[in-house]
Amino acid sequence: MTEAHIRILTRLADIPASQWDACAAGGASAPEPFVSHAFLRALEEAGCVSARTGWMPQHLVLDGADGLPTGVVPAYLKGHSRGEYVFDHGWADAYERAGGSYYPKLQVSVPFTPVTGRRLLVRPGLEAESHQELLSAGLVQLARQRDASSVHVTFATEDEWCRLRELGFLQRMDQQFHWTNAGYATFDEFLEALSSRKRKVIRRERREALSPGIEIEHLTGADITEKAWDAFFAFYMDTGSRKWGQPYLNRKFFTLLGERMADKVLLIMAKRQGRYIAGALNLIGADTLYGRYWGAVEHHPFLHFEVCYHQAIDYAIAHKLAVVEAGAQGEHKLARGYLPKFTYSAHWIADASLRRAVAHYLERERDHVREAGEELADLGPFRRGDAPEEQD
């Protein structure tokens, strides 16, 4: 293997976007939106990610013999477990009751974003696996240097998950609900794959959602104005204040997102009597539509399902996208054609006693997640033989 060394960045502005994205793309023409330099830097520049918010950037950069980055990792030193969607509060409580100090910990993730994607972002090539090993070892070494209790790589790909197990990380599983495009030409063609009862329910939901004179707009690119962002931010604040107490993102972040990634953004907005009343933010990947945030200032039956789920499927079919990921949780998505899909995280824990306890817990949890996934898949809305490919 050629000579390489790792350095740590405390802000993404210290690496050119072209160098970061060359690693994040992994051989594709462009990286998926959430691991792109533009998205992660916008979080930092808006102040959503900082030492003040408990997300201190500690990004790893693996430089090759030519001095150019051959791998990067988005990593953060954290003093809490908020905004992660892979819950370890119980581990922290147990360790601290036993006299340990769980925080700080090292988090490898996209902040506030429960979306699966590559985390050990290496350029493709013969040395890609060895570069992943170097980055994994670098994470452990950094945790030790920062006196962190643990390293958490969340919403990783299954390949990375298996690779990290070989490198001594513990394995964790959970599930989300994703819609898969089986080559449908229209939404009605998708509905034909469902049972008769489920078709009728969805058609009724769609009619009633729009019956109060509500119109739907899809905004992307230059069509997303600051006025639209103002409206969406009001929706986001309403939902965030109720769900999290203090929303993670601020208004500046959405302006930066619009300035730098508008072509990757889809706002699905509901309008009544000329006024925006609800909306959902989605990001557009190479073959996936990622649903992120939703909110409303008027509440109408089934409008949430229409804006977040049915309209997302409409868009994916029209633009030939393979998958819609509608975010974390939500078994109500199952009846609307979103099937269970496993998600993966990997965890390195320094303390041997805590590691053993967590390992036993995760073994039982993985069995439960697999069983629950099988049971939920059997409850799906599709006619026998018409369901798209389900769990891996």
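Readers should treat all values here as calculations from the given coordinates under stated rules, not as data from a laboratory. Everything quoted here is computed from the prediction, not taken from an experiment. So basically every Cβ, Gly included, is an ideal-geometry build from the backbone, and we count neighbours across all protein chains shown.
Structure summary
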| read-out | value |
| --- | --- |
| Candidates 364, 163, 11: whichever shows maximal mean-square fluctuation once the chain is modelled as a Gaussian network with Cα springs under 10 Å | 364 |
| Potential extension, residue 30-residue 87 segment - 0.36 nm per residue separation minus Cα distance | 17.5 nm |
| Computed over the chain, the ratio Rg/Rh where both radii use C-alpha atoms and Rh is Kirkwood | 0.97 |
| DSSP bridge orientation in the chain - percent antiparallel, rounded to nearest 5 | 90 percent |
| Relative contact order computed over the chain (Cα-Cα under 8 Å; 6+ residues apart), in percent | 19 percent |
| Separation in nanometres of the label points that stand 7 Å from Cα toward Cβ, at residue 360 and residue 220 | 5.1 nm |
| Listed residues 70, 186, 116, most fluctuating in the chain (Gaussian network, C-alpha, under 10 Å) | 186 |
| Loop-exposed GluC sites (Glu not before Pro) per DSSP, neighbour cap 15 Cβ within 10 angstrom, longest uninterrupted part of the chain | 4-297 |
| Volume of the Cα convex hull of the range 288-392, divided per residue and given in Å³ | 154 Å³ |
| Spacing of the two label points (7 Å from each Cα toward its C-beta) at residue 368 and residue 273, in nm | 4.8 nm |
| Kirkwood hydrodynamic radius of the range 279-348, Cα pairs, Å | 13.2 Å |
| Cα-derived Rg over Rh, computed across the range 10-164 with Rh taken as Kirkwood radius | 0.96 |
| For the range 182-321, convex hull of alpha carbons as volume per residue, Å³ | 114 Å³ |
| Per DSSP, loop chymotrypsin sites (Phe, Trp or Tyr not before Pro) in the range 1-87 with at most 13 further Cβ within 10 Å | 87 |
